[in-house]
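Mind looking over this structure? Questions follow.
The values are calculated or read from the model by the stated rules, or taken from the named source; none is laboratory data. Just so you know, these numbers come straight off a predicted model, no measurement behind them. FYI the Cβ positions are ideal-geometry reconstructions off the backbone, even for glycines, and counts take in every protein chain you see.
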Amino acid sequence: MKIVTIIGARPQIIKAAALSRAIKKNFKNYIKEVIVHTGQHYDTTMSQVFIDELGIPEPDYNLNIGSASHGVQTAGMIKGIEEILLKEKPDYLVLYGDTNSTLAGAIAASKIHVPIVHIEAGLRSFNKSMPEEINRIMCDHASTLLFSPTKTGFNNLVKEGFNPDNVKPFTADNPGIFHCGDVMYDNSLYFKKIAEDKSPVLKDNNLENKRFILSTIHRDNNTDNPERLENIFSALYEIAEESGKDIVLPLHPRTSKILDKNLSQDLYDKVINSKFIKLIPPVSFLDMIMLESNCELVITDSGGVQKEAFFFKKPVIILRSETEWIEIVDEGCGIITDADKNKIKESYYHFIENSGNLNFPGIFGDGKAAEFICKTMLDNK
């Protein structure tokens, strides 16, 4: 069986590592994987370092699309992916998540009747102002095999009309939906020991044996909105100063470029000169695992980092108005604060005061999601 896997954004590169590893370990005589990098995240710190570090095979194709408006970027990807699919003639196109690369792959494959496998199917924020929400919905409804990491995601698909009782052979008109667990949980289990041996990030940033807070901010509705960014960084600064704890913030390129423009001069100076706020360059996946597994608490607008915080039993403050990972909130391990300074601070103190009362049940599977996905693809051929 031949599959074409689309990667483009950093999280997809990491997720693809789980599937590539499962193929190499258990299915190398049965599945040939062709990897296409769209170039959506195109600088070394956001892309190549992850391919090198995680042992993913080098992409067979790189479209080198780069940054552009949604329309220009997606159109270029559709054209390039269609050409590759016509040449390779795969049994499946494998797509991850909800980026423009995902949408482009879904459109290209559906037009020429290549069956689509969507990993992370069924996730919903119920906020269609997010480009990711449109991308994931459209991809789901063009897919043949849909793999949801959570029971909530599976139930979302059923509510949208997918029949959980469909039987193979599965097609776009008779899709199969599966609750399989999360490939990122597979990765976190696998790479944690490697990270402990190889990552220097704690030592390099003087964080060894320290109680610190990890924060990531990258969504454009936060970075590009001066009022929201001001509220978030004001909360971070006050938490750091009041607690005397380091806040480590690996800066996404978007955030780094805009920070001095969209923060008031007074707050920008305070943040830059704070002895407790560590603004560092983007980190590798292994470094991120070390930061997540050793921090006290996470403050983020990233969907993936919310999950990883849960994997490592860390409470998370969510800098958005909603989350796809509602289970984290339902379990009391995450609080949605949006960009409300007071809510962010209140949530921080809530978690500090209740740290001994949190439970992190195994809602993201058994660490073998990628193996299940490979078996299911083979079983449908």
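I'm checking my understanding of the structure. Among residues of region 212-250 that are among the small types (Gly, Ala, Ser) and outside any helix (DSSP H, G or I), which one is farthest from Pro11 (Cα to Cα)?
Looking at residues that are among the small types (Gly, Ala, Ser) and outside any helix (DSSP H, G or I), I get Gly244.
Next up: If the Cβ limit is 7 Å and pairs must be 6+ apart or interchain, which residue in region 319-338 that is without any contact (Cβ under 8 Å) to a residue 12 or more places away in the chain pairs with which residue that is crowded, with 17+ Cβ neighbours inside 10 Å and acidic (Asp, Glu)?
Note: no pairs meet the criteria.
A quick yes/no check of all residues on (1) farther than 29 Å from Pro281 by Cα; (2) out of contact with any helix residue (DSSP H, G or I) (no Cβ under 6 Å at 6 or more places or on another chain):
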residue	(1), (2)
Gly8	no, no
Lys15	no, no
Val49	no, yes
Ser69	no, yes
Ala75	yes, yes
Leu93	yes, no
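Determine the pairs where a residue that is at negative phi, located within region 19-34, has a partner that is surrounded by fewer than 19 Cβ atoms within 10 Å (Cβ to Cβ) and acidic (Asp, Glu) with Cβ atoms under 6 Å apart, the partner being 6 or more residues away or on another chain.
Pairs that qualify, where the first residue is at negative phi and the partner is surrounded by fewer than 19 Cβ atoms within 10 Å (Cβ to Cβ) and acidic (Asp, Glu), are Val34/Asp60; Val34/Glu88.
State whether one or more residues within region 186-207 are at pLDDT 95 or above, outside any loop (DSSP other than H, G, I, E, B) and among the aromatic types (Phe, Trp, Tyr).
No: region 186-207 contains no residue that is at pLDDT 95 or above, outside any loop (DSSP other than H, G, I, E, B) and among the aromatic types (Phe, Trp, Tyr).
Matching residues to (1) more than 23 Å from Cys180 (Cα to Cα); (2) over 15 Å from the mean Cα position of the chain (by Cα); (3) modelled with pLDDT of 90 or more:
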site	(1), (2), (3)
Lys2	no, yes, yes
Thr5	no, yes, yes
Thr38	yes, yes, yes
Tyr42	yes, yes, no
Ile51	yes, yes, no
Ala75	yes, yes, yes
Ile81	yes, yes, yes
Leu93	no, yes, yes
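Answer yes or no as to whether Ile344 is surrounded by 18 or more Cβ atoms within 10 Å (Cβ to Cβ), among the β-branched types (Val, Ile, Thr) and over 18 Å from the mean Cα position of the chain (by Cα).
yes
List pairs: first in region 266-289 and in the same structural domain as Ile217 (by TED's automatic domain parsing), second among the charged types (D, E, K, R) and in a strand (DSSP E or B), Cβ under 8 Å, 6+ apart or cross-chain?
That search, which allows pairs on different chains as well, returns Phe276/Asp246; Ile277/Asp246; Lys278/Asp246.
Further question: Go over the candidates Lys314, Lys270, Lys275 one by one and state the one that is touching a strand residue (DSSP E or B) at 6+ places or on another chain (Cβ under 9 Å), within 20 Å of Lys345 (Cβ to Cβ), of a type outside the set (Val, Ile, Thr) and buried (at least 20 other Cβ atoms within 10 Å of the Cβ).
Result: Lys314 is the single residue among Lys314, Lys270, Lys275 that is touching a strand residue (DSSP E or B) at 6+ places or on another chain (Cβ under 9 Å), within 20 Å of Lys345 (Cβ to Cβ), of a type outside the set (Val, Ile, Thr) and buried (at least 20 other Cβ atoms within 10 Å of the Cβ).
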